[in-house]
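J.: Here it is, the structure in full.
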Amino acid sequence: MKIKKYEQLKETVISETLDNGLKITMVPKNDYHKTFAVLTTPFGSLHQHFSIDDGKLIDIPAGTAHFLEHKLFEKEDGDAFSRFGELGADANAFTNQYQTSYLFSSTSNFKPALIHLLDFVQTPYFTNETVAKEQGIIGQEIKMYEDDVNWIVYMGLLQTLYPNSAISYDIAGTQDSIAKITPELLYQIHQAFYQPSQLTLQIVGAFDPQETLAIIKSNQKHKTINSCQVNVIQNTLPETQMKIKIQHFDVSRPKIALGIRLPDNHITGKEATKIGLVADILLDMMFGEHTDWYQKLYNKGIIDTEFETSFDMMYPYQFISFFSETTEYETLTTEIYKHITNYKEVLSNQELTFNALKRATLGEGIQRLNSLESIALRGDDILFGNNLFDKIMLLQKITYNDVLDLSEIVYKNFELQRFILKK
Amino acid sequence: MKKIMIKKGVNLVLMPTTQFKTLNIAVDFCAPIDVTDLSSRALLTYVTAVSSQKYPTQQAVAKKTIELYGAQFQTDVIRFGQTHHVRYNLQLPAPTYVANSENNNLMSMAFQFMEDMIFDPLILDEHFDTAVFNQERQSLINEITSINEDKKRYALSKLRAITYENRALQLPALGSVEYAKKITSSGLLKTYTNMINNDNINIVVFGDISGNEVEELVKRWPLTNRDSTVETPFYRQKKRTQFEHVVEKQSDINQAVLTLSYQLSLKPNDPRRFTAIVFNALYGGSPLSKLFMNVREKASLAYSIYSRWQHDTGMLSVIAGLSVDDVERADKMIQEELKKIQLGQFDQSTLSAIKTSIINDYLSQQDSPSSEMSLAFLRILTQRTISIQEWVNAVENVSIEDVADLAKEVTLQAKFTLIPETSK
């Protein structure tokens, strides 16, 4: 059992890897009333091919990770979800590009709920019949996303940044892609990506670490799960093809998304987490509400508080993006373009601004620690092995020069892609 | 929780705790709801969020919140029954986690900032600054318009319109585009002056605080006495004599939305409110509910479905996102599930699970400053002083018969259905 103390943050992290490979991270917070537990596999919608041991390559249709997440709740003797309900626990699950997580929080019955979480995730039950039924339900869910304008814009941007690649497909897949899913495929994926050595269990809140660890150990001891070697084929990044894509939809004002891809790299671990932190400050220094640039555009009515920038790093897919709702999307594009072209000047002699923003970012990080869910889910635990506390500690070491260095990487030879949704 | 009267009609509530890593300050202005100034009060929350004499632009405000360690300054409008609330919220990291020699007065800086934003707005010659005013009025209009883009919100807003008799309750809490367009910058000043001088004010401070220090800081604000009598916030209307049903077709949508409103009106202190909470969770308010389990999971008639009961207006609403082909069957099933509850056709184990889950949600609120503060405002408004244990016991004591009996009082009032144009 490894104990790491973060004195400044008054937090403690206890970690342990069991003999079968299951990783456990515990953050006890005994002045809280509930306990939050998340079991995660680093398997998400970006996975397209894999093989087990030295077997042949298996294709994964778009939407499979999300499909499996839904399906894992259905068991021979009923619904795993309702069992949480009976225990008064609030359960949920989600799938994103790089992980699938199963979680619950409760103020009572924590132990039986935790055992249930481990058991239902580790006991697959897939049949032709249940798979067919799910294909209908998810079909409906996909349709619902098709009515969500913000989702359309986000996916539209990804399609222009990374045409026809894994990230440009909806996490839920399409009616056609999910039709290809079979029980055999789901079992193979479960064997590969849900074996204990792939799973991480995080527990945050009110609980006794020793006792909880003993419960998990005894639960795992009773299970015989064969381990296997998984080979994942890395996705290759496509070239961008067009600089603008327009789609029509009944929106009251046009919605626009702009994006810039970072040059391809293989950065991971602490370095990757650091880039994420530096990028947030860089974007804020360039386009934040406190800048003259923002204020000028805001006063002209070109942007409003809906304007957002973000930096995403999902393995090879790394990009910055801008989202806005405006009739003046051409002017906005020009202004963003001009401002980026001018980045050296915008960022020069800005050390004071940098220091202020770094301090503010630290303050925001501390505010985030109020929430057990944030502690478990807003770190880079799964992607890069750094938890939210590590991130906050790392942030304090970032320098103005880090920002200038990253600006060279991001803006020097930038190519701006656009997606517009309008009537 | 300690309540201190600062002036007549102005209360300060102190909630000291070290559980969290933040300091939270919220100021609530409460007035009887009035259809003519819904939008005007909403616009105030826009204008005063981005400007004041001391911080005249959004940029200046942003720079100040950055200086306050990334503080989050937010304004909101909230409607509770027949009261309308303008609320200012400030959250910043608790001074102990960021303190150094430069900022040992972070607490007083926070209160000073709230004073600057709330009590010293950007007013010149008897009206709000024109540029800011125009800008923010447009933002408000955009926001009201964008409700139409979220099809479920849109359908619910239409349902409100055909359910309530009071025009102020028919509209969204932000009012309407029509009202928003009529506001002038001098008219807005009247609304502001009226709010500052006449509204009941409640201030909640939550975090690692010492009572005396906070009280001293609040007393520096320019607060005056006001009429402190509060009408009941609970809104009541007679049952409709005629059932309303509206169907609307829209192009460019794939899914249908079905919404229903029912009356379930209880007196403010009726102990059956706990039964109503349990009933709602059993009917459609939780993932264990009849609507979710039967309509969505078993019959696959809807992708999403839930119900919500509002004690403040005495209404229960049901909303479902579904395929247009399933609307009729889902509608029928929604009514049937209600009948089954009225007949007591549900088992003890389901009821127990529902109650455990309600209690879990209630206790979980103690782990979020914003939930704790909302609850504190609600307690002040409804003048309820029930303890956590009493609340839990009251829910635990609800029986199958209690739920069935209360369900018989649930009466369908209106239905609004949104369907794709291309369909039959």
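J.: From the protein chains alone at 1.4 Å, what is the descending order of accessible area for B:Lys332, A:Lys422, largest first?
T.: On the way: B:Lys332 130, A:Lys422 55 Å².
From most accessible down to least: B:Lys332, A:Lys422.
J.: Related question: Any chance you could give the angle, 0 to 90 degrees and rounded to 10, that helix A:351-368 forms with the longest Cα principal axis of chain A?
T.: Here the helix axis deviates by roughly 30 degrees.
J.: Here's another thing I want to ask about it. Could you give the angle, 0 to 90 degrees to the nearest 10, between helix A:269-287's Cα long axis and the longest principal axis of the Cα atoms of chain A?
T.: The angle comes out near 40 degrees.
J.: Using a 1.4 angstrom probe on the protein heavy atoms only, line up B:Val395, B:Val324 by accessible area, largest first. Numbers along the way, then the final one.
T.: Working: B:Val395 0, B:Val324 40 Å².
Greatest to least solvent exposure: B:Val324, B:Val395.
J.: How would B:Arg308, A:Arg418 line up by accessible area, probe 1.4 Å, largest first?
T.: I get B:Arg308, A:Arg418, largest accessible area first.
J.: Another question about this same structure. Return the carbon/sulfur percentage of the accessible area of chain B, one whole number, probe 1.4 Å, all protein chains in place.
T.: Numbers: 8290 of 17240 Å².
C and S atoms contribute 48 percent here.
J.: Using only DSSP helix segments of four residues or longer, with each worth -39500 (n - 2.57), what per-residue ellipticity at 222 nm results for the protein assembly as shown after dividing by its residue count and rounding to 500?
T.: Values: 33 runs with 359 residues, N = 847.
So the calculated ellipticity at 222 nm is -13000 deg cm²/dmol.
J.: Additional query: Would segment A:37-79 count as rounded, prolate or oblate if I go by the C-alpha gyration tensor, calling it rounded below 1.5 in a/c and otherwise prolate when a/b exceeds b/c, oblate otherwise? Intermediate values should be presented prior to the final figure.
T.: Numbers: a/c = 1.98, a/b = 1.74, b/c = 1.14.
Prolate, because a/c is 1.5 or more and a/b exceeds b/c.
J.: Still on this structure: How many nm separate the modelled label positions at B:Thr229 and A:Val232, each set 7 Å beyond the Cα in the direction of the Cβ?
T.: The answer from the label model is 6.8 nm.
J.: Inside 10 Å of the C-beta atoms of A:363-375, what's the mean count of C-beta atoms belonging to other chains?
T.: On the way: counts 17, 8, 4, 9, 15, 3, 5, 12, 4, 3, 2, 0, 0.
Mean number of neighbouring Cβ atoms from other chains: 6.
J.: Moving on to the next point. Assuming a strict under-13 Å limit between Cα atoms, what lysine pair count do you get for segment B:272-380 once near-sequence pairs (fewer than 8 apart, same chain) are dropped? If you can, show how the numbers build up before the last one.
T.: Working: B:Lys290/B:Lys298; B:Lys290/B:Lys339; B:Lys290/B:Lys340; B:Lys332/B:Lys340.
Lysine pairs satisfying the spacing and distance rule in segment B:272-380 number 4.
J.: I'd like the mean, over residues of A:243-255, of how many other protein chain beta carbons sit within 10 Å of each residue's own Cβ. Present the calculation step by step, with values, prior to reporting the outcome.
T.: Numbers: counts 0, 0, 0, 0, 0, 1, 2, 6, 4, 8, 4, 0, 1.
That average works out to 2.
J.: Keeping every protein chain present and rolling a 1.4 Å probe, give me the accessible area per residue for segment B:322-386 in Å².
T.: Details: 2910 Å² over 65 residues.
With the other protein chains kept in place, segment B:322-386 gives 45 Å² per residue.
J.: Can you tally the net charge around B:Asp227? Count Lys and Arg as +1, Asp and Glu as -1, for every other residue whose Cβ sits under 14 Å from the Cβ of B:Asp227.
T.: On the way: positive: B:Lys7, B:Lys8, B:Arg226; negative: B:Asp199, B:Glu231.
Its environment carries a net charge of +1.
J.: Could you tell me which of rounded, prolate or oblate describes segment B:1-43, using a ≥ b ≥ c as the square roots of the eigenvalues of the alpha-carbon gyration tensor, with rounded for a/c under 1.5 and, failing that, prolate when a/b is larger than b/c and oblate otherwise?
T.: oblate
J.: Taking a probe of 1.4 Å and counting only protein heavy atoms, give the total accessible area buried between chains B and A in Å², rounded to the nearest 100. Each step should come with its number before you reach the end.
T.: On the way: alone 19710 and 20090 Å², together 34970 Å².
Answer for the B-A pair: about 4800 Å² buried.
J.: Per-residue mean of other chain beta-carbon atoms within 10 angstrom of the beta-carbon, peptide A:301-312? Walk me through the numbers on the way to the answer.
T.: Working: counts 4, 0, 0, 7, 8, 4, 0, 0, 0, 0, 0, 0.
Shielding by partners across A:301-312 averages 2.
J.: Under the classification rounded if a/c is under 1.5, otherwise prolate if a/b is larger than b/c and oblate if not, where does the protein assembly as shown fall, given a ≥ b ≥ c as square roots of the Cα gyration tensor eigenvalues? Kindly include the intermediate steps, with their values, before the conclusion.
T.: On the way: a/c = 1.31, a/b = 1.08, b/c = 1.22.
It comes out rounded by the Cα gyration axes.
J.: Okay, next question. Would you tally the net charge around A:Gln175, using a Cβ to Cβ cut-off of less than 14 Å, leaving A:Gln175 out, and scoring K and R as +1, D and E as -1?
T.: On the way: positive: A:Lys143, A:Lys180; negative: A:Glu134, A:Glu141, A:Glu146, A:Asp170, A:Asp176.
The answer is -3.
J.: When Lys and Arg each count +1 and Asp and Glu each count -1, what net charge do the other residues less than 10 Å away from A:Leu103, Cβ to Cβ, add up to? Can you show the working numbers first?
T.: Numbers: positive: none; negative: A:Asp90, A:Glu373.
Residues near A:Leu103 contribute -2 overall.
J.: Right, another one. Which entries in the list A:Lys300/A:Lys344; A:Lys4/A:Lys217; A:Lys56/A:Lys221; A:Lys10/A:Lys391; A:Lys270/A:Lys344; A:Lys34/B:Lys151 go over 23 Å, if you measure between the two C-alpha atoms of each?
T.: Working: A:Lys300/A:Lys344 25 Å; A:Lys4/A:Lys217 21 Å; A:Lys56/A:Lys221 31 Å; A:Lys10/A:Lys391 15 Å; A:Lys270/A:Lys344 27 Å; A:Lys34/B:Lys151 34 Å.
Over 23 Å Cα-Cα: A:Lys300/A:Lys344; A:Lys56/A:Lys221; A:Lys270/A:Lys344; A:Lys34/B:Lys151.
The values are calculated or read from the model by the stated rules, or taken from the named source; none is laboratory data. Note that the structure is a prediction, hence the values are computed from the model and not measured. Cβ atoms come from the backbone with ideal geometry, glycine included; neighbour counts cover every protein chain shown. Each accessible area value is taken on the protein alone, full model and side chains, heavy atoms only, with ligands, DNA and RNA left out. Shrake-Rupley method; radii C 1.70, N 1.55, O 1.52, S 1.80 Å.
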